[in-house]
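Shown next, in structure tokens, is the structure this report addresses.
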Amino acid sequence: MINFQQVSKFYDTATALRDINLSIEKGEMAFITGPSGAGKSTLMKLIYAAELPDSGRITIAEWETDKLDGATIPQLRRNIGIVFQDFRLLLNKNVYDNVALALRVRRIPEKEVKALVLDALKMVNLRHKTDSFPSTLSGGEQQRVVIARAIVGEPIIVLADEPTGNLDPDTAAGIMRIFKEINVRGTTILIATHNRELFRDTGKRVMRLDNGNMVNEERG
Amino acid sequence: MTYSIKLALQSLWHEKWINFLSMLTIAMGLLVVTLVVSSIYNVNLFARKLPEKFFIVAYLKEGLTEKETQHIMSSIKDRGSIARAKYISKADALKELKASLKDADYVLEGLDENPLPASIEIRMKKEAVGPEAVKSFADSLRKIEGIDDVQYGEKFLLSLHSMKTGMETIGLILTVVMISGIVFICYSTVKILFYRRKDEIETLKLLGATRGFIRTPFVIEGGVIGAVGGIISVIIAAAFYFSVFYKLSATVPVIRAVVFPTELFLSLPAVGLFLGITGSLIAMGRIRF
């Protein structure tokens, strides 16, 4: 589902990623870990084509990211649900509209949008916050809105960049339960985190990045 | 599309003051353009009507025989640029003068003989009436044996022509400047709105929005700003027409001759719409993913 072959990425003279080989199967749930600045976020951005590799090849499902253009990048991104580190919620829109945005960009009729959004909000247990604005929500609630937005379009892949960054352990555990549920439905999930607690005893693959290099791979 | 329209309307309302100011500025710009175009239209209209009224008078020498007069007439009529040539005898000239003097024709009493010369009144074809063509035609008439003098409104023709050319040039420059100005206003308005929503646009891109989806609300917004600007200018123009022009024309007859090209005024919202869309498309440029 996600395939990196000898992928390198440089920012000016700094190396963000070097010769990365990575393969994540359909329906798999995996973790990328490593200290800050190890290249986790860059790796995520390469998957949803916000960045392009300087060398190597990336294949996401049927798309080769270096062959994408303005017309096909949206197609790729509609198949990837992204849980951003900085949430990227629109503060002038309520919870419902924030989640609905992922469907409206696909020009899905409003009737269908409503049913899908309410389903997604129910899954993250935020059905009662439909009309709330992001600024009135706690960090954990905001994160769950972002997850609802990421899954509402039933993507084949969900990417989560530090999804529990500023959350307390209980809330973080709740977020992880949601990811597991999504994964059970067959969605491929890749989580970038420096929090070991998230993958401990999961039995899932954990790939460790350090200074742009893939240093090891283990089971959580 | 419905969602794009909703977004555009929300933004129009949310940023109502900046949008309203842009609409007013566009309305003023469109009014200036309309005023210039109307003036040129009126001058052209007048210049177009002129050939119908314009004529040249060739005064004949005294004592020409009928044969000589006919020879002159036929040599004038042979020219391609002539629409009509009418011979006015000395007697007819006097009759016309008397008619035009009406009750004051006593001034002619005491004249022993008719002092007026016979003449030929020449009307040229519409397309041949121009300062250069008329001048060379008049010069050629003067060379005909038996013609004493040729008169026409040379200065008037020249000044009308130069006024027409001058107004067209100034009008063209002003129109280009104003239209560029309007496009720029729409451009900068949409650019500001675009920058204000930069984060939102970034998020939309990452959620899989196409360029069309991102652009459409801004294009609608730019179009609405331009079109409403156009509508405001029509309202201002109509208000001016009915409050000032209409009333003045009752007392000042010259104003009655001025024509307001209605089609031009009614097309302003469409012109505004087009310029607004153009401005917003330029403002957004090429959206990169």
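With contacts taken as Cα pairs under 8 Å at a separation of at least 6 residues, the range B:55-151 carries a relative contact order of 51 percent. Identify, among B:SER89, B:SER162, B:THR69, the residue whose Cα sits farthest towards the positive end of the charge dipole of the protein assembly as shown, taking +1 on the Cβ of Lys and Arg and -1 on the Cβ of Asp and Glu, with the dipole about the Cα centre. Positive-most Cα among the choices belongs to B:SER162.
To the nearest 10 degrees, how steep is helix B:16-53 against the longest Cα principal axis of chain B, on a 0 to 90 scale? Tilt relative to chain B: about 20 degrees.
In the structure shown, do any of B:LYS53/B:LYS90; B:LYS49/B:LYS125; B:LYS16/B:LYS191; B:LYS61/B:LYS86; B:LYS77/B:LYS126; B:LYS90/B:LYS143 have a Cα-Cα gap over 18 Å, and if so which?
Exceeds cut-off: B:LYS53/B:LYS90; B:LYS90/B:LYS143.
Just checking the listed ones, A:THR188, A:THR171, A:THR72: in the Gaussian network model of chain A with Cα springs under 10 Å, the one fluctuating most is A:THR72.
Only lysine pairs 8 or more places apart, or on different chains, with alpha-carbon atoms under 16 angstrom apart are counted in chain A, and they number 11. Sorted ascending by nearby beta carbons within 10 Å, beginning with the fewest, A:TYR96, B:TYR41 become B:TYR41, A:TYR96. So what is the relative contact order of chain A, in percent, for Cα pairs below 8 Å that sit 6 or more residues apart? Rounded, it is 29 percent for chain A. Mind checking the angle between helix A:95-104 and chain A's longest principal axis? C-alpha axes, 0 to 90 degrees, to the nearest 10. The angle comes out at about 60 degrees. Distance from the alpha carbon centroid of the range A:1-38 to that of the range B:39-102 works out to 95 angstrom. Per residue of A:107-117, other chain Cβ atoms within 10 Å of the residue Cβ number 1 on average.
Shown for B:TRP13, A:TRP63: other C-beta atoms within 10 Å of each C-beta, ranked fewest to most, produce the order B:TRP13, A:TRP63. Dipole magnitude for chain B: computed about the Cα centre from +1 point charges on Lys and Arg Cβ and -1 point charges on Asp and Glu Cβ, it is near 1680 debye.
The range B:160-192 and the range A:70-103 have Cα centres lying 43 Å from one another. May I ask which residue of A:GLY203, A:THR164, A:MET123 lies farthest towards the positive end of the charge dipole of chain A, with charges of +1 (Lys, Arg) and -1 (Asp, Glu) on Cβ and the Cα centre as origin? The one lying farthest along the dipole's positive direction is A:MET123. Amide H to amide H distances under 5 Å link B:ILE88 with B:SER119, B:ILE120, B:GLU121, where only residues 5 or more positions off or on other chains count and H is placed in the peptide plane. For the peptide B:194-207, the mean number of other protein chain Cβ atoms found within 10 angstrom of a residue's Cβ is 5. Each of A:GLN5, A:PHE84, A:GLY34 was scored by the projection of its Cα onto the charge dipole of chain A, and the greatest displacement toward the positive side belongs to A:PHE84; charges sit on the C-beta of Lys, Arg, Asp and Glu. Each Cα pair under 8 Å and six or more residues apart adds its sequence gap; the mean of these over the residue count of the range B:149-289 is a relative contact order of 40 percent. Extent along the principal axes, Cα only, for the range B:55-151: 42, 27, 17 Å, with the longest axis given first. When only the Cβ of Lys, Arg, Asp and Glu is charged (+1, +1, -1, -1), the dipole of the range A:3-109 relative to its Cα centre reaches about 440 debye. Phi angles of the range A:118-132 translate, via the Karplus equation with coefficients 6.51, -1.76, 1.60 and θ = phi - 60°, into HN-Hα couplings of 5, 4, 5, 5, 5, 4, 9, 6, 10, 4, 7, 10, 3, 8, 6 Hz per residue; Gly and Pro are given as x. Under a 5 Å amide H cut-off, with hydrogens placed 1.01 Å from N, A:ILE32 pairs with A:ILE191, A:ALA192, A:THR193, A:MET207 among residues at least 5 apart or on other chains.
Between B:GLY110, B:GLY276, B:GLY226, the GNM of chain B built on Cα springs shorter than 10 angstrom shows B:GLY110 fluctuating the most.
The fewest-to-most ranking of B:VAL57, B:VAL244, A:VAL7 by surrounding Cβ atoms within 10 Å reads B:VAL244, B:VAL57, A:VAL7.
Estimated from helices alone, the mean residue ellipticity of the protein assembly as shown at 222 nm is -17000 deg cm²/dmol (sum of -39500 (n - 2.57) over DSSP H runs with n ≥ 4, per residue). Near B:ILE82, the amide H atoms lying under 5 Å from its own belong to B:LYS125; only residues 5 or more places off or on other chains count, and H is placed 1.01 Å from N. Between the helical axis of B:211-240 and the longest alpha-carbon principal axis of chain B there is an angle of about 40 degrees. Size descriptors for chain A: radius of gyration and Dmax over Cα atoms are 17.0, 50 Å.
Among A:ASN92, A:ASN79, A:ASN21, which one moves the most in a GNM of chain A with springs linking Cα atoms closer than 10 Å? Maximum among the listed residues: A:ASN92.
About its Cα centre, the dipole of the protein assembly as shown is roughly 1200 debye, where the only charges are +1 on Lys and Arg Cβ and -1 on Asp and Glu Cβ.
Rule-based calculations on the coordinates, nothing more; no lab input. Remember, predicted model here, so these are calculated numbers, not experimental data. Cβ sites come from the backbone with ideal geometry, for glycine too, and all protein chains shown count toward neighbours.
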